[in-house]
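K.L.:
Have a look at this one before I ask anything.
Computed from the coordinates by the stated procedures, all read-outs in this text should not be read as laboratory data. Since we're looking at a predicted model, the values are computed, not measured. Cβ placement follows ideal geometry from the backbone for every residue including glycine, while neighbour counts extend to all protein chains displayed.
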Amino acid sequence: MKPLKETLLAGEFAVTAEVGPPKGTEITDFIEKAKLLAPFVNAVNVTDNQGAVMRMSSLAASALLASEGIDVVYQLTCRDRNRLALQSDLLGAHALGIKNSLALTGDYITMGDHPQGKAVFDIDSTHLLQMIEELNVGKDMMGNPLSGSTDLFPGAVVTPSSLPLEPQLMRFEKKIRAGARFFQTQAIFDAEGIKRVMSIAKKYDVKVLAGILLLKSAGMARFLNANIPGVKVPHTVIEELEKACDPLQKGIEIAARQIEELRPLCDGIHLMAMSAEEKVIDILARAGISAQSDI
C-alpha cells in the first residue's frame, strides 16, 4: 500500500487502523498485529497511553514498526510531557524514520490505571501542531535554529459527534491554521457531523479520515455512551447488537455499513478495533476494500 502522506496528497482514499503498544516488554503480538494490517492500510497508528493507561512508549513502539517498513502515525499527547520532552521526542521520531505524527491533548489521567499521577498539559494539541511546524522548518519552539530539521506530516483529531458542534468546529479551524495537514475523527455513527466538518475542510484543502469503531456488544456501546465524551452510539444500533445471535459479527457488519455510508463524504477512514485488530480485515472486505483494491 502507498504511504499515508502520498495517498492523501494524491487525492486518493486512505485507510488507517490503530494498534496499542503492549503493557509490558513482550512485543511479538504487537508487531504481528501491525504486520497483519499493513497490506490493507496506508498507515498504522500507534497509540500513546490511550485512555491514560500506562503502556510501552509510543515512540519506541512506532520505531519498531518503522524498522519493519510499516508506515506509522506516531501519536503523542501533551498530558505526559512538557514542551522540552515533546520537542525531543519529535526530533527522535524523525531520526528513527517515522513520517507522520498525530497531535493529541490526551485523556484525563483520572480515567486510567494511574489516577494519582500528575498530568502535565504544558501546552495543548494546537500548540503542539505549531511546534511540529517550527521543527519542520528547522527551529525549536523558541525560534532557535536546529542542526537539521524534521519532516513530519502533522495530523490532529476532530470530534464530529460533539454537542454542541460549533466549539469543536472552531477548534478544528484553529488546528488547521496551526499546521494540521490531516485529521482522524473520533468514532462516527451519524453522517451529519462529518458533513459539516468536510464543508470546512474543503476550504483549506486538508484531509479528513472518518473514525470507525468496532462495537463488540450492546454493553460496550452503552459504556461508550456513558463514559466517552463525543461518542454517541444511536439506540437503533444498540438494539441491533442486542438482538444479534453473534454481536461481534453484527458489529463487523455495522462498521462495514458505516464505511459504505461515509466513503463518499470524506478522504478516508480510520479503524479502531480495540484489541481485535484481525477483524479490521473482515470489516474492510465487507465494505469492498481489500489489499489489492484500488482505494
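K.L.:
Considering all alpha-carbon pairs of the stretch 161-284, what whole percent are spaced by more than 24 angstrom?
P.N.:
28 percent
K.L.:
Next question. Pick out which of Val280, Val197, Val53 has the largest mean-square fluctuation in a Gaussian network model of the chain, springs linking Cα atoms closer than 10 Å.
P.N.:
Val53
K.L.:
May I pose another question? Which of Thr25, Thr105, Thr16 moves most in a GNM of the chain, Cα contacts under 10 Å?
P.N.:
Thr25
K.L.:
Please work out whether the chain counts as rounded, prolate or oblate from its C-alpha gyration tensor, where a ≥ b ≥ c are the square roots of the eigenvalues and a/c under 1.5 means rounded, while otherwise a/b larger than b/c means prolate and anything else oblate?
P.N.:
Rounded.
K.L.:
Which shape class, rounded, prolate or oblate, goes with the stretch 169-228 when its Cα gyration tensor gives a ≥ b ≥ c as root eigenvalues, a/c under 1.5 marks rounded, and past that a/b bigger than b/c marks prolate?
P.N.:
Verdict is prolate for the stretch 169-228.
K.L.:
What size of dipole, in debye to the nearest 20, comes out for the stretch 4-284 about its Cα centre when the only charges are +1 on Lys and Arg C-beta atoms and -1 on Asp and Glu C-beta atoms?
P.N.:
620 debye
K.L.:
Give me the Kirkwood hydrodynamic radius of the stretch 23-118, using the inverse of the mean 1/r over all pairs of distinct Cα atoms, in Å to one decimal.
P.N.:
Across the stretch 23-118, the inverse of the average 1/r is 13.9 Å.
K.L.:
Report, in degrees rounded to the nearest 10, the 0 to 90 angle that the Cα long axis of helix 218-227 makes with the longest principal axis of the chain.
P.N.:
That works out to roughly 40 degrees.
K.L.:
Okay, next question. Expressed as cubic angstrom per residue, what is the convex hull volume of the alpha carbon set of the stretch 102-161?
P.N.:
Once divided by residue count, the hull of the stretch 102-161 is 115 Å³.
K.L.:
Where is the GNM fluctuation largest for the chain (alpha-carbon springs, 10 angstrom cutoff): Lys279, Lys203, Lys232?
P.N.:
Checking each option, the largest mean-square fluctuation is seen for Lys203.
K.L.:
If each residue of separation counts as 0.36 nm, what is the full-extension length gain between Phe223 and Gln249 once their alpha-carbon separation is subtracted?
P.N.:
Extending this stretch completely gives an extra 7.5 nm.
K.L.:
While we're on this one: If you place +1 on the Cβ of every Lys and Arg, -1 on the Cβ of every Asp and Glu, and leave all else neutral, what size is the dipole of the stretch 3-162 about its Cα centre, to the nearest 20 Debye?
P.N.:
It comes to approximately 180 debye.
K.L.:
For the stretch 112-221, what does the alpha-carbon gyration tensor say about shape, rounded, prolate or oblate, given a ≥ b ≥ c as the root eigenvalues, a/c under 1.5 as rounded, and a/b over b/c as prolate?
P.N.:
The shape class here is oblate.
K.L.:
With axes computed from alpha carbons, what is the tilt in degrees of helix 191-204 against the longest principal axis of the chain, rounded to the nearest 10 within 0 to 90?
P.N.:
Tilt of helix 191-204: around 30 degrees.
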